[in-house]
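Readers should treat all values here as calculations from the given coordinates under stated rules, not as data from a laboratory. Computed from a prediction, not measured in an experiment: that's the story for all the values here. Ideal geometry is used to build each Cβ from the backbone, glycine not excepted, and the neighbour counts take in all protein chains shown.
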């Protein structure tokens, strides 16, 4: 177990470094019937605004690159002005694949020691998830939020069970994912294979990636059912916030 003094020194060390964030919001929303989920109103605000607010309010984050689709570029710029996202230094158009969009975002950050990469469609994150990711990443240069699998997972081929996996070692990976900037930059520079998350590219470098406990509430809105669940979670968060004032 780590000593508290070690953890405190890492927090202090991280606090003295420049942290950038890449928010990936350039998806096609195919499973939402073509409706851009990131601009659907949730409690009178676009879904993306809930995600961005957490990064805007996080003291450790100094600058943000927001990556959107070409069709939403002007809408994103207008939203940034309307919401007062002073940390958003660049809003750019993404690429064909998610990793292409992340690469575009990374190229827009300047003089960062660390970068936090997050899916715009995960609006229920907290500032604590970002802060803990920065602390954990300080140990190896890379960290990812994840939660243990609750269900039994089976490998299926042509409708038949091939194998039942030991769920004790299985985790569902989330964002934020946090990296020392030089590591993630090198990973993207050398990338050739298509991957579904940023840590996969870092793993291919032989880099150790620390896993820290995320949140089961930190869902990614992919379907309308996800949207309903996120709407409820955000409503409850807003109600708790009002009660604490």
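Fully extending the segment from residue 223 to residue 242 would add 4.0 nm, taking 0.36 nm per residue of separation and subtracting the current Cα-Cα distance. As a length-normalised measure over Cα pairs under 8 Å and 6 or more apart, the relative contact order of the stretch 4-244 settles at 22 percent.
Springs join every pair of Cα atoms under 10 Å in this Gaussian network model of the chain, and among 30, 108, 122 the largest mean-square fluctuation is at 30. Compared with the rule-of-thumb size 2.2 N^0.38 Å for a compact globular protein, the chain has a Cα radius of gyration ratio of 1.02.
The ranking of 107, 60 from fewest to most other beta carbons within 10 Å of each one's beta carbon is 107, 60. The fewest-to-most ranking of 128, 44, 217 by surrounding Cβ atoms within 10 Å reads 44, 128, 217.
Look at where the Cα atoms of the stretch 98-152 and of the stretch 55-85 average out, and the two centres are 16 Å apart. Each residue in 83, 96 was given a count of other beta-carbon atoms within 10 angstrom of its own, and listing them fewest first yields 96, 83. With 0.36 nm allotted per residue and the present C-alpha distance subtracted, the residue 73-residue 86 stretch has 3.0 nm of extension available.
Given the -39500 (n - 2.57) contribution per DSSP H run of 4+ residues, what per-residue ellipticity at 222 nm results for the chain, rounded to the nearest 500 deg cm²/dmol?
Counting only the DSSP helices, I get -12000 deg cm²/dmol.
Can you compute the FRET efficiency between residue 93 and residue 53 using 1/(1 + (r/R0)^6), with r the Cβ-Cβ distance and R0 = 22 Å? Round to the nearest 0.05. Result of the calculation: an efficiency of 0.45.
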